[in-house]
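Report on the structure given below.
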């Protein structure tokens, strides 16, 4: 008799416990001398990223050996495309901030089923903030349902690249420039809490940057979309995404989406993925 299927909630508990352990490992390197280098795409990686990635691969795949694996710090194995469920992992999201001693880096973990996130965790160890969600069951911060908190009538707060700010301002959007967090996952979940009202980010984010945060936002009723392709899909052959907008107020959509399309464009049917790759590492300091 086959074993019962693992529930999404079971997967979430595995992600939560693994994220805590990963956070302990990463924190042992934080604000201490650590070896680091640049990858081919000029993004930084450290010995802490590699060690945490190895821990997570061991912990998660031992518990779920039939799941696929996709991680920023592991060579891609196309066998993941044949798996119903896949772990999508960023062992340290915001490595640049981690190396500079900034405290908003995260461990970002998700389970994706047939292209859709079904369990996700964004854990900021130094800030002691655990954001998590299960598909259809809402999202929580440190075990409590996430409730947005914003001042009534306040101008929306939006972090974005300089060129996107110029376009939004030229279009007459009234807003305040938001704080920049090196972890895209952390930046996104702040739309759920109300710390910021929208995130407008460059083309070229990848599955591990956004899978967990996408689920958390979706469970909070926050609109997140690739401005050219709609709701993000995951565990495809090409794991890169177009420019993304996460919006707490849909009245912002026309001007924010238009600004992102103006700055980054959309892939043309003829150019396909090559067009996306040309902008993958634009505006890294504000991505």
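Is one or more of the residues making up segment 161-180 farther than 24 Å from residue 264 by Cβ, touching a strand residue (DSSP E or B) at 6+ places or on another chain (Cβ under 6 Å) and at pLDDT 95 or above? Checked segment 161-180: no residue is farther than 24 Å from residue 264 by Cβ, touching a strand residue (DSSP E or B) at 6+ places or on another chain (Cβ under 6 Å) and at pLDDT 95 or above. Hey, can you tell me all the residues within segment 199-221 that are within 18 Å of residue 130 (Cβ to Cβ) and more than 14 Å from the chain's Cα centre (by Cα)? Within segment 199-221, 219, 220 meet the criteria. Among the conditions (1) outside any loop (DSSP other than H, G, I, E, B); (2) in contact (Cβ under 8 Å) with a residue 12 or more places away in the chain; (3) more than 23 Å from residue 214 (Cα to Cα), residue 191 misses just one, which is (3).
Restricting segment 216-271 to residues that are within 26 Å of residue 151 (Cβ to Cβ) and out of contact with any strand residue (DSSP E or B) (no Cβ under 8 Å at 6 or more places or on another chain), the residue that is surrounded by the fewest Cβ atoms within 10 Å (Cβ to Cβ) is 251. For segment 89-113, the candidate set comprises residues that are part of a loop (DSSP other than H, G, I, E, B) and touching a residue at least 40 places away in the same chain (Cβ under 8 Å); within that set, the residue that is surrounded by the most Cβ atoms within 10 Å (Cβ to Cβ) is 105.
For segment 65-75, which residues satisfy the criterion of being surrounded by fewer than 19 Cβ atoms within 10 Å (Cβ to Cβ) and under 16 Å from residue 110 (Cβ atoms)?
Here is the first cut: in segment 65-75, the ones surrounded by fewer than 19 Cβ atoms within 10 Å (Cβ to Cβ) are 65-66, 74-75.
If the condition is that a residue be surrounded by fewer than 19 Cβ atoms within 10 Å (Cβ to Cβ) and under 16 Å from residue 110 (Cβ atoms), then 74 is the only one that fits.
Evaluating residue 34 against the criteria (1) in a loop (DSSP other than H, G, I, E, B); (2) in contact with a strand residue (DSSP E or B) (Cβ under 8 Å, 6 or more places away or on another chain); (3) free of Cβ contacts under 8 Å to residues at least 24 places away in the same chain leaves one unmet condition, (3). Of the numbered conditions (1) in contact with a helix residue (DSSP H, G or I) (Cβ under 9 Å, 6 or more places away or on another chain); (2) under 23 Å from residue 128 (Cα atoms), residue 144 fails exactly one; give the number of that condition. Going through the list (1) in contact with a helix residue (DSSP H, G or I) (Cβ under 9 Å, 6 or more places away or on another chain); (2) under 23 Å from residue 128 (Cα atoms), residue 144 breaks only (1).
Can you tell me how many residues within segment 148-174 are in a loop (DSSP other than H, G, I, E, B) and either under 21 Å from residue 241 (Cα atoms) or touching a residue at least 24 places away in the same chain (Cβ under 8 Å) (or both)? Quick ask: steps written out before the conclusion?
Step one: list which residues in segment 148-174 are in a loop (DSSP other than H, G, I, E, B), which gives 148-156, 159-161, 171-174.
Within this subset, residues satisfying the condition of being either under 21 Å from residue 241 (Cα atoms) or touching a residue at least 24 places away in the same chain (Cβ under 8 Å) (or both) are 148-150, 156, 159-161, 171-173.
Of the residues in that region, 10 qualify.
Kindly establish whether residue 52 is touching a residue at least 24 places away in the same chain (Cβ under 8 Å), in contact with a helix residue (DSSP H, G or I) (Cβ under 9 Å, 6 or more places away or on another chain), surrounded by 19 or more Cβ atoms within 10 Å (Cβ to Cβ) and part of a helix (DSSP H, G or I). Here the answer is yes, as residue 52 does meet what is asked.
The values are calculated or read from the model by the stated rules, or taken from the named source; none is laboratory data. From a predicted model like this one, the values you see are computed outputs, not experimental measurements. Cβ atoms come from the backbone with ideal geometry, glycine included; neighbour counts cover every protein chain shown.
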